[in-house]
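So the structure is just underneath, and the comments pick up after that.
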Amino acid sequence: MYDSILIRNGTVVDPEQGLHRRANLFIRAGRVEGITMEHPTTQVVVDASDCFVCPGFVDMHVHLREPGFEHKETIATGCLAAARGGFTAVAPMPNTQPVCDSPRTLKYVLSKAHEVDLADVLPICSITVGSQGEELAPLVQLASLGCYAFSNDGQPVISAATMRRAMQAVRQIGGVIIDHCEDKALAGDGVMHAGSRARAWDLPGITPLAEEVHIARDILLAAEIGCPVHIAHLSTVRGVELVRWAKARGYPVTAEATPHHFALTVDDMPGPDPNFKMNPPLRSQADRAALLAGLQDGTIDVIATDHAPHAPSEKARGFREAPFGIIGLETAVPLIMDQLYHRGILTMDRIVTLCAVRPAAIMSAGPRTFTPGAEALVTIIDPSAVTTVQPAGFASKSVNTPFLNWTLRGTVRATVRRDKIVPYPL
Ligand SMILES: [Zn+2]
């Protein structure tokens, strides 16, 4: 769209180059021309005064719901929510209808994403056919079409033997397993964190053990087989400790945490409100503290939203019956800035590592840096702008968020993806 773009006068944050200083970022033909103090003449100028100019953020855990559940979200609405939320790339999970376990469905998602052209879409395919946990999906064939990440998100692989076979295949492909860790038998019919609040509301609880047993199992399998395993939505003290233990031994294990798990605990639930129902559930204060420590010390590699849109009628079924999940694409950056940056928990360099550098590396999505010649993928963040979370402002089709009416300091100014700017005009 634009032959040349100048992002002027922002604080350029590029941890890969050890760069953190006020400068202009000059883009030509969708690639970084250079970081300069000069003001070259360009087709468009984006004023980034008082903003951070960061390599493009990647959300490696979203649900775009298409095909099959277009009443919740579509690739078009999800990608617009991503771009507005500051993400230049998203990785949708395969739990669609049909499940993304075949070349046909993968090609459908890729062609839709290409048509929409608002964010780079990196589809995650199912490990097993239909995410049933039995027969392996055609992993080699899917990889040949450009999919390198595999997950049965929401439907964990129950058999350790099947997971071992999957890891052997994914290692050969050079891919990664993204692991929704949940022992379904231990989780039972639980709908929220097990503890005093679940008891008070007479709701069945989900023990942290349900998550931790599978994390331990899959870390051991990853160590044995040498297949990269990325633990999705880490939520417990012992989960963080297990990942730390694995990393200390050099096992090929990475992990992510979501904004809702670092911002909220079970004690923040106003009542059994379905907009606070997600899997894994909101946990204790100690669990949240462990996540914050893991985000600081590098045990946790990535912040990912687990953006999980559901229609209002589905969330209105009451806490027991409502589906798990909340949206996250358009609240993630404000929550990261308000809850982590402004409170001095994470530096901007660390935030860029968690939101851009590491997820792009795990997803084989290319480097996130501003070296000359690199693809121009940019997230521009105004750290001081204050916004109030309102459903009317969402590009997402759904509004299921526990952060309604939260006032947050720090927001996305614009997303630049090669030769395009969203939102524009600014
Ligand atoms: Zn999951």
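The values are calculated or read from the model by the stated rules, or taken from the named source; none is laboratory data. Keep in mind the model is a prediction, meaning the values are calculated, not measured. All Cβ positions, glycine included, derive from the backbone under ideal geometry; neighbour counts span all protein chains shown.
So which residues in the stretch 287-308 are of a type in the set (Val, Ile, Thr) and more than 21 Å from residue 330 (Cα to Cα), if there are any at all? Break it down stepwise before answering.
Keep residues of the stretch 287-308 that are of a type in the set (Val, Ile, Thr), which gives 299-300, 302-303, 305.
299, 300, listed by residue number.
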Inset, instruction - Give the stretch 299-313 a look and list any residue that's surrounded by fewer than 19 Cβ atoms within 10 Å (Cβ to Cβ) and either among the polar types (S, T, N, Q) or free of Cβ contacts under 8 Å to residues at least 24 places away in the same chain (or both), or say none. - result: 313
Inset, instruction - Taking only the stretch 117-133 into account, find how many residues are surrounded by fewer than 18 Cβ atoms within 10 Å (Cβ to Cβ) and more than 16 Å from residue 155 (Cβ to Cβ). - result: 1
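Regarding the stretch 93-115, can at least one residue be identified that is without any contact (Cβ under 8 Å) to a residue 60 or more places away in the chain, of a type in the set (Val, Ile, Thr), in a strand (DSSP E or B) and more than 16 Å from the ligand (Cβ to nearest atom)?
Here is the first cut: in the stretch 93-115, the ones without any contact (Cβ under 8 Å) to a residue 60 or more places away in the chain are 94, 96-115.
Now drop any that are not of a type in the set (Val, Ile, Thr), which leaves 96, 99, 105, 109.
This time we only want the ones that are in a strand (DSSP E or B), so: none.
Taking every residue of the stretch 93-115 in turn, none turns out to be without any contact (Cβ under 8 Å) to a residue 60 or more places away in the chain, of a type in the set (Val, Ile, Thr), in a strand (DSSP E or B) and more than 16 Å from the ligand (Cβ to nearest atom).
Residue-by-condition table, conditions (1) part of a strand (DSSP E or B); (2) hydrophobic (A, V, I, L, M, F, W, C); (3) closer than 26 Å to residue 309 by Cα:
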{"site": "343", "(1), (2), (3)": "no, no, no"}
{"site": "349", "(1), (2), (3)": "no, no, no"}
{"site": "381", "(1), (2), (3)": "yes, yes, yes"}
{"site": "384", "(1), (2), (3)": "yes, no, no"}
{"site": "402", "(1), (2), (3)": "no, no, yes"}
{"site": "408", "(1), (2), (3)": "yes, yes, yes"}
Inset, instruction - Kindly indicate whether any position in the stretch 207-217 is modelled with pLDDT of 95 or more, surrounded by 17 or more Cβ atoms within 10 Å (Cβ to Cβ), assigned to a loop (DSSP other than H, G, I, E, B) and hydrophobic (A, V, I, L, M, F, W, C). - result: no
Inset, instruction - Test residue 203 against the criterion of being modelled with pLDDT of 95 or more, away from the ligand (no atom under 16 Å from the Cβ) and in contact with a helix residue (DSSP H, G or I) (Cβ under 7 Å, 6 or more places away or on another chain), and give yes or no. - result: no
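With respect to residue 190, determine if the residue is over 23 Å from the mean Cα position of the chain (by Cα), within 15 Å of the ligand (Cβ to nearest atom), assigned by TED's automatic domain parsing to the domain that holds residue 235 and of a type outside the set (Val, Ile, Thr). Please lay out each step first, then the result.
Numbers: over 23 Å from the mean Cα position of the chain (by Cα): yes; within 15 Å of the ligand (Cβ to nearest atom): yes; assigned by TED's automatic domain parsing to the domain that holds residue 235: yes; of a type outside the set (Val, Ile, Thr): yes.
Yes: the conditions hold for residue 190.
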Legend entry - Residue list for the stretch 71-99, filter: over 16 Å from the mean Cα position of the chain (by Cα) and of a type in the set (A, V, I, L, M, F, W, C): 76, 99
Legend entry - Answer residue from the stretch 149-174, given it is surrounded by fewer than 21 Cβ atoms within 10 Å (Cβ to Cβ) and part of a loop (DSSP other than H, G, I, E, B) and is nearest to the ligand (Cβ to nearest atom) among those: 154
Legend entry - the stretch 292-330, residues that are of a type in the set (Val, Ile, Thr), closer than 20 Å to residue 357 by Cα and more than 12 Å from the chain's Cα centre (by Cα): 299, 300
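Give the number of residues within the stretch 116-138 that are outside any strand (DSSP E or B), under 22 Å from the mean Cα position of the chain (by Cα) and closer than 11 Å to residue 151 by Cα. Don't jump to the end; show me each part of the working.
Step one: list which residues in the stretch 116-138 are outside any strand (DSSP E or B), which gives 116-119, 122-124, 126-127, 129-135, 137-138.
When the remaining residues are screened for being under 22 Å from the mean Cα position of the chain (by Cα), the result is 116-119, 122-124, 126-127, 131.
Narrowing the set further to residues that are closer than 11 Å to residue 151 by Cα leaves 123-124, 126-127, 131.
The total comes to 5.
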Legend entry - Selection within the stretch 140-162 - more than 23 Å from the chain's Cα centre (by Cα) and either free of Cβ contacts under 8 Å to residues at least 12 places away in the same chain or closer than 25 Å to residue 324 by Cβ (or both): 144, 158, 159, 160, 161, 162
Inset, instruction - Kindly provide the set of residues from the stretch 1-27 that are surrounded by fewer than 20 Cβ atoms within 10 Å (Cβ to Cβ), touching a Phe, Trp or Tyr at 6+ places or on another chain (Cβ under 8 Å) and over 21 Å from residue 347 (Cα atoms), ordered by number. - result: 4
Legend entry - Given (1) crowded, with 23+ Cβ neighbours inside 10 Å; (2) more than 30 Å from residue 220 (Cβ to Cβ), index of the condition residue 322 fails: (1)
